[in-house]
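Q: Got a structure for you, questions after.
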Amino acid sequence: MDENIMTAVVNAQTLTELTRILQKYKAGKASIERRTVAAENWWKLRNQAEERKKTEGIGGFQAVSGWLHNVIVSKHADAIEAFPEPSILPREEGDKAEAGILSKIIPVILEQNEFEKTYSDCMWQKLKTGTGVYKVYWDADKLGGLGDIAIERVDLLNVFWEPGVRDIQDSRYCFHTSFEDNDELERQYPQLQGRLRGNAFMATKFVYDDSVPTDGKSTVIDVYYKKYSGGKKVLHYCKYVGEEVLYATENDPALRERGLYDHGMYPFVFDPLFTM
């Protein structure tokens, strides 16, 4: 038997428990998801659907003008006009050289990631639904397999955290889900051949203008969590679909004690329109 399988910390039983926690987190943000979908419906001029909720006692609203639409468009223009530029300042005298190096590196990273477009997309999300979400992570597939930092906008409906926390970094687990084609998954992970049957979890979806098929697709779940190792809290990561582990840092001898990132933080940055 493969030694890695014998010493695996994350297994099918672990995944069952993680999916149970994910379902619990999804139930905890049900109100947020309802408001997010309602806001997107309004933005796409599906006002009648929301007004119908009001008549049915659910608590919708009645749109009487395009005033709010114009406000959002105007605020988005203001945000683009105020596009942020990195300014790396030294914290002490000995940091001057490092600050100078970072001042040259970070703008290049942002440019390579087309951050201005990501920023624009996040601002639309923020103004429409109340919160924009960025994901900053290490993408091992970039630069022909050399890997580099990646920055992307994340759909609020596909991120799940512990109900009640005010800072995402305080959540015990943090989930990010995606819907991917089975044939592509089987091509990338041969061990999935014939094992993709149904979905144990489905994220809430927006109402699309076109028909989005769900057959032949599976929910891939990325879960980040923090555990104590060697007297300090480290960040671990697991990618799985159904009952199959695709990758887990706790199953990787090189990262079992160290964790995914040395900074030990979740790779998500929330940009709320209003603070609590």
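Q: Expected output is a single nm value to one decimal: the length gained when fully extending between residue 257 and residue 32, i.e. 0.36 nm times separation in residues minus the C-alpha distance. What is it?
A: 77.4 nm
Q: Can you give the extra length, in nm with one decimal, that the chain gains between residue 140 and residue 269 once fully stretched, where that is 0.36 nm per residue apart less the Cα-Cα distance?
A: 44.4 nm
Q: Which whole-number percentage describes the relative contact order of region 119-258, with Cα contacts under 8 Å and a sequence gap of 6 or more?
A: The value is 16 percent.
Q: Could you work out how far apart the two model spin labels at residue 87 and residue 239 are, taking each label as a point 7 Å from the Cα in the direction of the beta carbon, and quote it in nm?
A: 3.8
Q: Could you count how many Lys pairs in region 67-184 have their Cα atoms under 25 Å apart, skipping same-chain pairs fewer than 8 positions apart?
A: 13
Q: Then there's this: Which cross-chain or sequence-distant (5 or more) residues have an amide H under 5 Å from the amide H of residue 264, H modelled 1.01 Å from N in plane?
A: Here the answer is 235, since their amide H atoms fall under 5 Å of that of residue 264.
Q: Scan the chain and report its longest stretch carrying no GluC sites (Glu not before Pro) that are both in a DSSP loop and have at most 12 other Cβ atoms within 10 Å.
A: Here the longest run is 115-256.
Q: Report the Rg/Rh value for the chain, based on alpha-carbon coordinates and the Kirkwood definition of Rh.
A: 0.99
Q: Another question, if that's okay. Ignoring ligands, DNA and RNA, please state the percent of accessible area on region 111-159 from carbon and sulfur, probe 1.4 Å.
A: Roughly 49 percent of what the probe reaches on region 111-159 is carbon or sulfur.
Q: Subtracting the Cα-Cα distance from 0.36 nm times the residue separation, let me have the gained length for residue 75 to residue 11 in nm, one decimal.
A: 18.3 nm
The values are calculated or read from the model by the stated rules, or taken from the named source; none is laboratory data. Model, not experiment: these values are computed from the prediction. Glycine gets a Cβ as well: all are built from the backbone with ideal geometry, and neighbour counts include every protein chain shown. For the accessible areas, the whole protein counts, side chains as well, though only heavy atoms, and no ligand, DNA or RNA atoms are used. Shrake-Rupley method; radii C 1.70, N 1.55, O 1.52, S 1.80 Å.
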